[in-house]
Amino acid sequence: MIFASTDFRSLPLAVRSNIDGVLLCDVMEHLDEPVGFLRSLPESLPSSTRALITVPARNELWSAWDDRYGHFRRYDLDMLRAELEAAGLTLIASRYFFQSLYLPMRLAKRSRGGVIEPPTTAWPHRIIGAAMGLEQRIIPARVPGASIIAVAAHFR
């Protein structure tokens, strides 16, 4: 089931009790207090044991887009681990991804005064997509990228 534009905490307990995993894709950077939110997961979703989390990475990539879309922070691997642990979650795995975007984002930010414009044609997306697939196979997880993906566990 998909509940678009719904706060999961407002779902009936019968529904919440059947949810065994959580996707928090580009959520935590929008929260003023992400640790408190993460602490609420086990109580709100009593059957859930895992969370897959993505967040924007590397504060040096902060741009006008972060301001525009209401981000409070960009993460590094240690910062994400610290927030998860402070919330009582156990980090199972984490890594940077979109490493091939890191340098272009730094350069674009510097040359455009903090504004990064999206491509207007499809071919850059195809090239970037192919690079993303390749980088996951060959670039070590701790090499900085534009985002982080992590899996965390919480136990009842």
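Quick notes on this one:
- With respect to the chain, whose longest principal axis is taken over its alpha-carbon atoms, helix 77-86 is tilted by about 10°.
- Estimated at 0.36 nm per residue, the fully extended path between Val151 and Arg50 surpasses their Cα-Cα distance by 35.7 nm.
- Largest GNM mean-square fluctuation among Ser47, Ser94, Ser17, using the chain with Cα springs under 10 Å: Ser17.
- Sorting Tyr102, Tyr75, Tyr69 by the number of Cβ atoms found within 10 Å of their own Cβ, with the fewest placed first, yields Tyr69, Tyr102, Tyr75.
- The chain: most fluctuating residue of His71, His125, His30 per GNM, C-alpha cutoff 10 Å: His125
- Largest GNM mean-square fluctuation across Val143, Val55, Val35, computed for the chain with C-alpha springs under 10 Å, falls on Val143.
- Going from the residue with the fewest nearby Cβ atoms within 10 Å to the one with the most, Ser63, Ser10, Ser40 rank Ser10, Ser40, Ser63.
- Entry note: the chain has Rg to Rh equal to 1.00, where both radii use alpha-carbon atoms and Rh is the Kirkwood radius.
- A crude spin-label estimate for the pair Ile92 and Ile138, with each label 7 Å from Cα along the Cβ direction, gives 2.9 nm.
- Ascending count of other beta-carbon atoms within 10 Å, so fewest first, for Leu13, Leu45: Leu13, Leu45
- Nearest-0.05 FRET efficiency for Ala108 and Asp26, computed from C-beta distance (R0 25 Å): 0.80
- Under-5 Å amide H pairs with Leu31, H placed in peptide plane, nonlocal only: Phe72
Quick note: the coordinates plus some simple rules give every number you see, no bench work behind them. Quick caveat, the model's predicted, so the values are computed rather than measured. Every residue, glycine as well, gets a Cβ built from its backbone with ideal geometry; the counts of neighbours run over all protein chains shown.
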